[in-house]
1. Straight-line reach from Lys66: which aspartates and glutamates have a Cα under 14 Å away, not including same-chain ones fewer than 8 places off?
2. Taking K and R as +1 and D and E as -1, what net charge do the other residues with C-beta under 12 Å from the C-beta of Glu211 add up to?
3. Determine the calculated [θ] at 222 nm for the chain from helices alone, applying -39500 (n - 2.57) to every DSSP H run no shorter than 4 residues and normalising by the residue count; nearest 500 deg cm²/dmol.
4. Give me the net charge of Gly2's neighbourhood, meaning all other residues with Cβ under 13 Å from the Cβ of Gly2; Lys, Arg count +1, Asp, Glu -1.
5. What is the sum of charges, Lys and Arg at +1 and Asp and Glu at -1, for the other residues whose Cβ falls under 11 Å from the Cβ of Phe134?
6. What nm value, rounded to one decimal, do you get for the distance between Arg46 and Lys34 when each label is placed 7 Å out toward the C-beta?
7. Computed from the coordinates I sent, Cα extents along the principal axes in Å equals one of (i) 90, 34, 33; (ii) 53, 43, 29; (iii) 53, 45, 35. Tell me the label.
8. Applying 1/(1 + (r/R0)^6) with R0 = 41 Å to the Cβ-Cβ distance of Ala106 and Arg23, what FRET efficiency is obtained, to the nearest 0.05?
Amino acid sequence: MGKRHRVEQHLDALRRVGIQPTRNERQLVLEVGKEARKKVDSIMAREGVGAGSYVHIHPTSRWLFKTWDYEKVAQVIDGLAAEGKKVVLTSSPDKQELIMIDAILAKVKSEPINLCGKLTLKELAGVIESANVFLGMDSVPMHMAAALNTPVVALFGPSDPVEWGPWCAKKIILTSDLFPCRPCGVDGCGGGKRSECLSDLTVKQVLLALEKVLQ
């Protein structure tokens, strides 16, 4: 049997009891909620950013071996800023994720809006929903973006996008074809916490993907 997305695998529970979901019934749905929407609108107004006017980047993951090189994230942020685009940066409040964010911010020359570690999950959903496009890794926020119908650019290394990719129509998934070992599911090459297949992806590839998904 060929590989199938996790959404399809879970829907098999319904199929076994005679319920056959149509294509239109397979879309993920996430509701931001009034309170979170109000809080996010207030934050964005304070930052001078309106809905549909920024790129949302969530470069971290609970599993850091799924993340891209922080220097390249910084270059993408500066590349977007050079094009006149506003960037909103988020992460969880996890200590290791915030260390990565600090490393990124130490490299950027522009000034992204930094909401890292400051949002609830519902508020994060509000930020994602109002973005022009979401850029991230194989992570929970990527799946939230898919459920909110926000265009997604996702970077995949050791995990399999066929099974775990964003479940939405408007997306670009970037992987490296030069590594026949991927997807391996291992926590970095040789267990070394750094995935070469991710590091192989270039800043140019990511910037082009962001431009293309918005066309």
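1. Result set, ordered by chain and number: Glu97, Asp138, Asp160, Asp187, Glu196, Asp200.
2. Net of charged neighbours comes to +2.
3. It comes out at -11500 deg cm²/dmol, rounded to the nearest 500.
4. -1
5. +1
6. 2.2
7. (iii)
8. So the FRET efficiency works out to roughly 0.35.
Any read-out appearing in this document is the output of simple, stated calculations on the displayed coordinates, not a laboratory observation. Quick caveat: nothing in here was measured; it's all calculated off a predicted structure. All Cβ positions, glycine included, derive from the backbone under ideal geometry; neighbour counts span all protein chains shown.
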